Amino acid sequence: MYGFLLRPDTIPKSYETWIQKASVVPDAAVQINRQLVHDGTLNISLQKKLARGFTKPWSGTGSIVTEENKMDMLQQAAKAIAGETMPHMASCAAIHPHRNHCIPTGIWRVYESGKWMAPMYGALHFVPILLFRRKRLMKEPFKTLMTALWGTLRSSAFLGVYVAIYQSYICFLHFLYRLPLDPSIAPAFKRFILSKPLWWLGGILSGMSLFVEDARRRPELAMYVLPKGLESGWKLLRGEVFGIPTQRKKRGWKSDVALSAAGMAMVMSTYQDSPDHLSSLVRRLLYQFVGTN
């Protein structure tokens with residue numbers, strides 16, 4: 001999540017696009033947030049464009065900018081023009097411009113993101129039944145289909161809860177930033193709220209959504225995300241700690257290849273030593289290509 005929000009150059013473009021669509025957040029809000037965090041300046045033209053409803057990259061229910069959020073974003077733009085200091089993160093109005101209140105938005109995010117992912121997860125749960133479990137389907141059609149339907153709903157809810165947790169966390173940071181505190185501690189507290197490590201904390205908290213998913217699928221999700229997370233972390237460390245440019249060179253270190261190899265090594269090691277930890281679909285596919293372990 002840190003890579004997506006602040007350093008998109010550290011993750012594959014296709015993955016960035018996928019996260020953007022799953023988040024049901026205007027891409028303009030992500031760009032505004034990125035500039036605020038890095039430069040401390042508000043992209044006034046993009047803020048006005050978002051406030052007036054000229055950008056509609058989200059597909060959630062009720063995707064019309066509310067009057068309250070419109071006025072809030074235009075007031076922020078006016079303050080930025082006047083030279084006032086802005087919080088170094090996008091406002092709640094920019095994150096969910098089609099709803100005024102943060103808590104109901106978090107609940108709707110579960111539905112909106114889950115609905116967006118339902119077709120993909122539906123294929124993931126129903127296709128293996130048609131390909132590999134046709135005898136079971138003919139023998140127990142209702143039970144088999146209900147199991148697949150429940151799995152689809154559960155997997156879709158997992159992603160929806162993930163999105164809801166992270167966005168609710170960002171809204172909570174805004175709430176903390178606006179708290180009326182003693183002047184002696186307010187500046188330090190606000191600097192802490194706006195610090196970059198807290199963007200990492202939001203991703204960690206969102207990981208709790210894994211408890212919504214079936215326990216057997218959690219290792220698969222971890223193995224899917226781990227190589228991307230490691231590659232993103234590798235690029236961040238190279239660029240910010242060791243000072244080595246993050247752009248790949250023709251004869252340079254291919255970190256994506258190394259991490260993909262490590263991920264496949266984990267899969268094959270599990271297939272060899274603990275095949276029960278893999279889903280039946282993964283085991284069947286590996287059996288077709290590799291054979292018995």
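The values are calculated or read from the model by the stated rules, or taken from the named source; none is laboratory data. The shown structure was predicted, so the numbers you read here are calculated from the model rather than taken from an experiment. So basically every Cβ, Gly included, is an ideal-geometry build from the backbone, and we count neighbours across all protein chains shown.
Descriptive notes on the structure:
- Qualifying positions in segment 151-180 - under 30 Å from Val127 (Cα atoms) and either in contact with a strand residue (DSSP E or B) (Cβ under 6 Å, 6 or more places away or on another chain) or free of Cβ contacts under 8 Å to residues at least 40 places away in the same chain (or both): Thr152, Leu153
- Complete set of residues in segment 4-29 that are under 18 Å from Glu112 (Cα atoms) and aromatic (Phe, Trp, Tyr): Trp18
- Verdict on Gly160 being at pLDDT below 90, within 30 Å of Ala28 (Cα to Cα) and in a helix (DSSP H, G or I): no
- If you go through segment 125-143 and pick out every residue that is closer than 22 Å to Gln288 by Cβ and either free of Cβ contacts under 8 Å to residues at least 40 places away in the same chain or in contact with a strand residue (DSSP E or B) (Cβ under 7 Å, 6 or more places away or on another chain) (or both), you end up with 11.
- Among the residues of segment 108-124, those that are closer than 20 Å to Thr147 by Cα and not hydrophobic (A, V, I, L, M, F, W, C) comprise Gly114, Lys115, Pro119, Tyr121, Gly122.
- Residue in segment 84-107 that is of a type outside the set (S, T, N, Q), closer than 21 Å to Glu213 by Cβ and surrounded by fewer than 17 Cβ atoms within 10 Å (Cβ to Cβ) present: yes
- The criterion of at least 2 residues that are modelled with pLDDT of 90 or more, acidic (Asp, Glu) and in the same structural domain as Ser156 (by TED's automatic domain parsing) is met, among helices (runs of 4 or more DSSP H) falling completely within segment 16-111, by 67-81.
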